[in-house]
Amino acid sequence: MEIIEHFLYTKEHEWVSIEDNTGTVGITDYAQQALGDITYVELPGVDKDVEQFEQLLSVESVKSASDIFSPVSGKVIEVNEDLVDDPSILNRYCYDKGWIVRIEISDADETSNLLTADEYRNYLASLDRNDNGESLEE
Amino acid sequence: MAHRTPLYQHHVSLGAKVVEFGGWDMPLQYPDGILKEHEANRKGCSVFDCSHMGEFIIDGAADVTGLDRIVTQSLNDQPVGSCRYGFALNERGGTIDDLIVYRLADKKWMVVVNAANIEKDAAHFRANLKGLSVFSDVSFSTAKLDVQGPLSREVLMPLVKGIERLTHYTFGEFDVLGEKVIVSRTGYTGELGYEIYYPWSRASRLWEAVLSDRRVKPTGLGVRDVLRVEVCYPLYGHELSEDISPVQAGLRRFVDGTKDFLGRAALMEEEKGGPVQKLVCFLSKSRRAPRQGHFLYTADDVQSGVIASGTFSPALGVGIGMGFLKKEFTSNAKEIIFGDTKFRERAELGSRPFYKEGTLKN
């Protein structure tokens, strides 16, 4: 399970990479594996305002739909249009070409609510221990 | 705890994601994913463990035993060695189950039913058959492998000598790895395919033998659902239920209206007056998939129906679905809209089946 060291993470398996005041947001390797073949991404509109941990968009795999939550508060300033025609980019390159949106961060202090790579790694390990073979199917 | 098929350990060791379906722990998908499994079925050969499904044996003439009154399809003119699809109905014309009847001999039948309905169906058959001695539920001693796809005949030829003589919806008794068993040319994917009924305790051998051909890929219930929606086959609990009749589901052709059967009066009445809802098949204008429980809407955003099944179609590259349109909206609908509380998506009505290149009758 790949985890990028300098990214921050949520317990819902989103990542954010912060440069200056801009957060690039995507889903983690764990998320894309759990979802399976991703077939549709509903991108938010540019200029959409979001709160931290509020629903940002949804992605669909063949047999299920899942909400993706925003790791930070702010305004959506760019979306990855490549995902519209080829959502499988999310399965293949979830940490780079598979970025989903860029957000202009409104409250930098909120990043203290996120997990570091180490914390996320420990969190995944704790999920593994509690794994009951839960289904993502609706 | 959920039931397990005799192949459960095989699924686990192949790394399958296991989910409960109809009271059974079943493989949803294997590690390569649903898209790869889809391709295997449509282009090559795939195998499904369908041992969860139910099988009943009925001994005796269709009219004497009362079997003819329980199912909607015509049995009197059904040739020995053929299969017929139909329904058992409740007194309101709703569907107790959809099922396939195999005529094993002049006076011997096998009825194949849905896993989730085995107990309910067995009780219904027992209550309506004349004399209990004629009925046996062999569901838990009968495994079933579905070998499906354009290459399925070629794959099975060494295992099932003479399989090439089977035409669509017929079956025969064959020697398969030393067991005398029923093999039918039937399936649920719209492709050429076979179902092998096999002794529960020996099912592992058959599974391993089928998979020893490297062209065969194990496939799970996830892709099975995608494949059946692509060819607009109903699934009990979605397009059919105790409250949904075959007339509403557009499956009237599997009901022989000239004979007497349980539920006939209500069904004929419904047909005369026109059903309160009618199944439609529709294609999303995007890759977004309709989902069961979402709704259909008119252009004016009036809720016009509910979605019974939906999925992304790998074959067509768009979302596809089936749903029930309320009677008052059936006449003028060409374009429809689907969605839920969060979104709306445009769709157009499609003709059955969505996927038209199936090798079913090759």
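The values are calculated or read from the model by the stated rules, or taken from the named source; none is laboratory data. No experiment lies behind these values; they were computed from the predicted model shown. For neighbour counting, all protein chains shown are included, and Cβ atoms are generated from backbone atoms with ideal geometry for every residue, glycine included. Side chains included, ligands, DNA and RNA excluded: accessible areas come from the protein's heavy atoms. Shrake-Rupley method; radii C 1.70, N 1.55, O 1.52, S 1.80 Å.
Data for the structure
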read-out: Residue identified as more than 12 Å from every other protein chain (Cβ to nearest Cβ) and at pLDDT 95 or above among B:Phe338, B:Phe329; value: B:Phe338
read-out: Selection within the stretch B:182-192 - part of a strand (DSSP E or B) and open to solvent by 10 Å² or more (accessible area, probe 1.4 Å); value: B:Ile182
read-out: Verdict on B:Lys272 being among the basic types (Lys, Arg) and touching a residue at least 12 places away in the same chain (Cβ under 8 Å); value: no
read-out: Of all residues in the stretch A:1-26 being hydrophobic (A, V, I, L, M, F, W, C) and in contact with a strand residue (DSSP E or B) (Cβ under 6 Å, 6 or more places away or on another chain), the one that is most open to solvent (accessible area, probe 1.4 Å); value: A:Leu8
read-out: Positions within the stretch B:61-82 being assigned to a strand (DSSP E or B) and surrounded by fewer than 21 Cβ atoms within 10 Å (Cβ to Cβ), in sequence order; value: B:Ser82
read-out: Single unsatisfied condition, B:Ser245 versus (1) surrounded by fewer than 19 Cβ atoms within 10 Å (Cβ to Cβ); (2) outside the structural domain of B:Gly350 (by TED's automatic domain parsing); (3) of a type in the set (S, T, N, Q); value: (1)
read-out: Hey, B:Gly321 within 21 Å of the chain's Cα centre (by Cα) and part of a strand (DSSP E or B) or not; value: yes
read-out: Residues of the stretch B:292-347 satisfying the condition of being open to solvent by less than 30 Å² (accessible area, probe 1.4 Å) and touching a residue at least 60 places away in the same chain (Cβ under 8 Å); value: B:Ala308, B:Ser309, B:Gly310, B:Thr311, B:Phe312, B:Ser313, B:Ile320, B:Gly321, B:Met322, B:Phe324, B:Ala347
read-out: Matching entry among B:Pro353, B:Pro290 (being more than 14 Å from chain A (Cβ to nearest Cβ) and assigned to a loop (DSSP other than H, G, I, E, B)); value: B:Pro353
read-out: Given (1) more than 14 Å from chain A (Cβ to nearest Cβ); (2) under 18 Å from the mean Cα position of the chain (by Cα); (3) under 26 Å from B:Val183 (Cβ atoms), index of the condition B:Leu67 fails; value: (2)
read-out: Unique match (being without any contact (Cβ under 8 Å) to a residue 24 or more places away in the chain and either within 14 Å of another protein chain (Cβ to nearest Cβ) or not basic (Lys, Arg) (or both)) among B:Gly220, B:Gly237, B:Gly257; value: B:Gly257
read-out: Qualifying residues in the stretch B:2-38 (those that are in a helix (DSSP H, G or I) and within 11 Å of chain A (Cβ to nearest Cβ)) - the one surrounded by the fewest Cβ atoms within 10 Å (Cβ to Cβ); value: B:Val12
read-out: Unmet requirement for B:Val18, which otherwise passes all of (1) touching a residue at least 40 places away in the same chain (Cβ under 8 Å); (2) in contact with a helix residue (DSSP H, G or I) (Cβ under 8 Å, 6 or more places away or on another chain); value: (1)
read-out: Complete set of residues in the stretch B:201-231 that are open to solvent by 10 Å² or more (accessible area, probe 1.4 Å) and touching a Phe, Trp or Tyr at 6+ places or on another chain (Cβ under 7 Å); value: B:Pro218, B:Leu221, B:Arg224, B:Val231
read-out: Residues being hydrophobic (A, V, I, L, M, F, W, C) and either open to solvent by less than 10 Å² (accessible area, probe 1.4 Å) or on the phi > 0 side of the Ramachandran plot (or both) - total across the stretch A:43-67; value: 6
read-out: Residue tally, condition open to solvent by 10 Å² or more (accessible area, probe 1.4 Å), within 30 Å of B:Arg69 (Cβ to Cβ), at pLDDT 95 or above and in a loop (DSSP other than H, G, I, E, B), over the stretch B:130-175; value: 6
